Amino acid sequence: YDSSTSYLCCLLFLTLLLLFSALFPGAFDCCTKISDKIPKGILRRVERFEIQKADGLCHLEAVILHMKGKKFCVNPQNRKVKKMMKKMKHKIHRSKPNVRKQRRTRITKRKNRSS
């Protein structure tokens, strides 16, 4: 190979890499390790979670817990994680809170009857 051929190969590789990362944005964000033990207080700070399947691009089943700019990969079979997920799903999918509507009181003017 001459230098122009190797340059073209590198350029093609980088183009394909950028295309792949654009088409599959989560491909490089897979959890590679999961934790069975969760430090105290982590579950209370979770803002949202994602479920990572073991098929496709990621080869490990995990729950990704998102907290203020951080993520924590945990075992989806963990009892505490399952309980937290159930609570959060209930919280997210719950319909609008039942707010009692204030009854409007009708103000009627009394007619002055002069006798």
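The values are calculated or read from the model by the stated rules, or taken from the named source; none is laboratory data. Owing to the predicted nature of the structure, the values given are computational and were not obtained by experimental measurement. Here Cβ is always computed from backbone atoms with ideal geometry, including for glycine, and neighbour counts include all displayed protein chains. Each accessible area value is taken on the protein alone, full model and side chains, heavy atoms only, with ligands, DNA and RNA left out. Shrake-Rupley method; radii C 1.70, N 1.55, O 1.52, S 1.80 Å.
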Members of the stretch 1-39 found to be at pLDDT 75 or above, farther than 23 Å from GLU61 by Cβ and open to solvent by less than 90 Å² (accessible area, probe 1.4 Å), listed by number: SER4, THR5, SER6, CYS9, CYS10, LEU11, THR15
Residues of the stretch 40-52 that turn out to be in a loop (DSSP other than H, G, I, E, B), open to solvent by less than 50 Å² (accessible area, probe 1.4 Å) and at pLDDT 90 or above, as a count: 1
Check on VAL74, surrounded by 11 or more Cβ atoms within 10 Å (Cβ to Cβ), under 15 Å from the mean Cα position of the chain (by Cα) and closer than 14 Å to ILE34 by Cα: yes
Conditions (1) open to solvent by less than 30 Å² (accessible area, probe 1.4 Å); (2) at pLDDT below 90: number failed by GLY69: (1)
GLY56 being open to solvent by less than 90 Å² (accessible area, probe 1.4 Å), modelled with pLDDT under 90 and under 23 Å from MET88 (Cα atoms): no
Residue list for the stretch 53-71, restricted to those being free of Cβ contacts under 8 Å to residues at least 12 places away in the same chain and part of a loop (DSSP other than H, G, I, E, B): LYS53, ALA54, ASP55, GLY56, GLY69
